[in-house]
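See below for the structure under consideration.
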Amino acid sequence: MSESELRVPHWAVATTFTLSLIGLALSTYLTITHFEPQALVCTDNGFINCAAVTTSAQSHILGIPVAILGLGNYVVMTALNSPWAWRSKHRWVHEARFILAIVAMCFVLWLIYAELIIINNICLYCTGVHITTFALLIVLTLVSPAQLGWSRSRAS
Amino acid sequence: MPKSSRHQRRPAPSKAPAKGGRPAGLFTWIAVGLVVVVVAALVIIKVTSGGPAKTPSSSTFQPINPGVMTELTTIPASVFNTVGITSPIAAVDPPQSVSKQPALVATNSAGASVPEVLYMGAEYCPYCAAQRWATIIALSRFGTWSGLGNMSSYSNDVYPNTPTFTFIKAKYKSQYLVFKSVEEYTNYLDTAGTYYAKLQTPTSGEVALISKYDQPKYIKGLTAAEAESIPFIDYGNQFLVAGASYSPSTLTGSSRNEIAGALSNASSPITDAIITSANYQTAALCKLTNNQPGDVCMSSGVQTAAKAMGIK
C-alpha cells in the first residue's frame, strides 16, 4: 500500500494525539495514586469515591494493577497516535492502533461494569480515562477503516 | 512515488482510496451504538437493583472458618524464623517503645496479675483489618483464641472489603497476658446514614489510655490531626501501635482463605508482611513476659525483630 493511501486528515492526527496525551496523564496519575492512595485528590463520599475504586479487589487483574495496564495502554497509544506514527508506511502500525482502541474500549466496558455493579462506586479520574478512550475510538472508527481500505472514504 | 512531491505528500481527497465495501461512518455508528447500549444497560441494572449489597454486620456474627483458624494459629516456627523481619514488598513498622510509664496490668483467669494488651479499633476500618491478622498471630504464640469472627472493612471506604476478623466476641486465654479489645463501630452505616453504627463503648480507663498515648508525643511520625486514630494497641504501656503496621493494600485482591492459606509459605509477599509484623509484636510481648515462653521468645525470628527494635 502506498504512502498516500495511508493518509488521514490532519484533524484526526491532532485529535488522537491530544486525546492520547490526556489519557496518558490521567493514567499516570491513577498509577501513582494506586500505590500512594493518600496522594489521591478526590471526593470520598457517596457514589463518587475514587479511593474505593482504585484500592478495590477489582483494581487488580491476574495480579497486575489495572492502573498499570491503563498506563501501558496509553504509552503505546500515544506512540501509535504520534504524528510520526501516523506518517508510517507500515500498515501494521495503523492496524495495531485501530485494534488497540477496540480492545481498550472493551476493557473500559468491563471496568464500568465493575464500578457500577461490583464496587458500587465510580472514580472521576477513571471516568475521564473511559471518556478519552471512547473519544479515541470514535475518531479512529471515522478514519481508520477508510485508511486501511475497509470502507469507502467519506470524500469518495 | 517520489516523496519530495508536495502534491503527492498531500493528496487531494479525491485521490484518497475510494475502495468498495462498507460506507464511511458505518464503523463509527456500530461502535458508538454498542458502547451506548452496553453502558445504558449497566446503568439500568444499577438503578433498578438499588444500592450496594449490605455487608455482613455484627448482628449476623459469622464465626471464623475452623480451617482458617488453624492456619492462623498453627503457623510453623520455620516460617516465623525464615521471614524474620524481611518483607521486601510491603514496609512494616514495629511497635514503638515508651519508657517510664506505669505498667498496664490485668488479672488473668488464674487470678494472676499479668501485662495487659489493649486493642482499640472498629470493624469498618481497613487499617484495623490489616493489623488484626498480625496481632492475632502474635498473641496466638502466648495463648489461645476463641470466638473470632469473619469481618470485612467498610465497602465504600479506602481499601474496601479488606478481609479480616472481628474481636467483638473474641476470647483470649493466656497465662502470660490479658487481651482486651474494643470494636467501637460496625462496618455499616447507622440508620441515619451519617456514620457507622455504634458497637462497643470503651471504658473511661480505655479512653484515658488512647487519649494519652495515641499522640505525637509518644508516636513518632503521628501528626496532631492523626491523634487518637485507630487501630491503637497498647502493649502494657511499654509499646504502642497507632495505625496499621503495614498497608492494607498488601491484602487487596486476596480473599480471607487465600491469605490464611498462604501463611505457611514464607515466600508469599503477603505472608512476609504479616509475619514480619507478628514477629515485631511478639518481640514486644516477650519484653512484657520476661521472655516467656522461651521457645517463642528465643526463636531466631523474634530475636531478629527484638534486635531491630533495640530491645535488650
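Read-outs: derived from the displayed coordinates by stated rules, not from any lab. Fair warning: this is a prediction, and the values are worked out from it, not measured in the lab. Note that we place each Cβ from the backbone using ideal geometry, even for glycine, and neighbour counts take in every protein chain shown.
Things worth noting here:
- Result for chain B in a Gaussian network model with C-alpha springs under 10 Å: among B:Ala192, B:Ala224, B:Ala77, the largest mean-square fluctuation is at B:Ala192.
- Reduced Cα scattering model of segment A:101-151, Debye log10 I(q)/I(0), q = 0.19, 0.24, 0.26, 0.32 Å⁻¹: -0.64, -0.85, -0.93, -1.15
- What the Cα convex hull of segment A:16-112 gives, in volume per residue, is 103 Å³.
- Relative contact order (percent, whole number), segment B:37-139, Cα cutoff 8 Å, 6+ residue spacing: 18
- Of the DSSP H helices in chain B, those whose Cα atoms cover at least 20 Å axially and whose Kyte score averages -0.5 or more: B:26-48, B:126-140, B:269-288
- Estimated from helices alone, the mean residue ellipticity of chain A at 222 nm is -20500 deg cm²/dmol (sum of -39500 (n - 2.57) over DSSP H runs with n ≥ 4, per residue).
- Where the alpha-carbon atoms of the protein assembly as shown are placed on the principal axes, they occupy 97, 47, 42 Å, in descending order.
- Across chain B, Cα pairs under 8 Å and at least six residues apart give a relative contact order of 25 percent.
- Only Cα pairs under 8 Å and 6+ residues apart enter the sum, and on that basis the relative contact order of chain A stands at 37 percent.
- In range of the label at B:Ser146: residues from segment B:165-202 whose backbone nitrogen is under 19 Å from the point 7 Å along Cα→Cβ: B:166-181
- Separation between Cα centres of segment B:151-217 and segment B:247-277, rounded to whole Å: 22
- With 28 Å as the limit, the listed pairs B:Lys180/B:Lys312; B:Lys171/B:Lys312; B:Lys169/B:Lys312; B:Lys171/B:Lys220; B:Lys180/B:Lys217; B:Lys100/B:Lys307 have B:Lys171/B:Lys312; B:Lys169/B:Lys312; B:Lys171/B:Lys220 beyond it between alpha carbons.
- As a size descriptor, the averaged projected area of the C-alpha convex hull of segment B:126-250 was calculated at 8.3 nm².
- The base-10 log of I(q)/I(0) for chain B, evaluated at q = 0.13, 0.14 Å⁻¹, reads -0.91, -1.05 [Debye formula, identical scatterers on Cα atoms, solvent excluded].
- Between A:Ser88 and A:His10, the contour length at 0.36 nm per residue exceeds the alpha carbon distance by 26.6 nm.
- Order of B:Met151, B:Met298, B:Met309 - criterion: other Cβ atoms within 10 Å of each residue's Cβ, fewest first: B:Met298, B:Met309, B:Met151
- Long-range tail of P(r) for segment B:46-199 (Cα pairs > 25 Å, %): 40
- Förster radius 56 Å - calculated FRET efficiency between A:Trp150 and B:Ser267 (Cβ-Cβ, nearest 0.05): 0.65
- Once the chain from A:Leu62 to A:Val41 is taken as fully extended at 0.36 nm per residue, the excess over their C-alpha distance is 4.8 nm.
- Computing FRET efficiency as 1/(1 + (r/R0)^6) for B:Val37 and B:Ser211, where r is the C-beta to C-beta distance and R0 is 60 Å, gives about 0.60.
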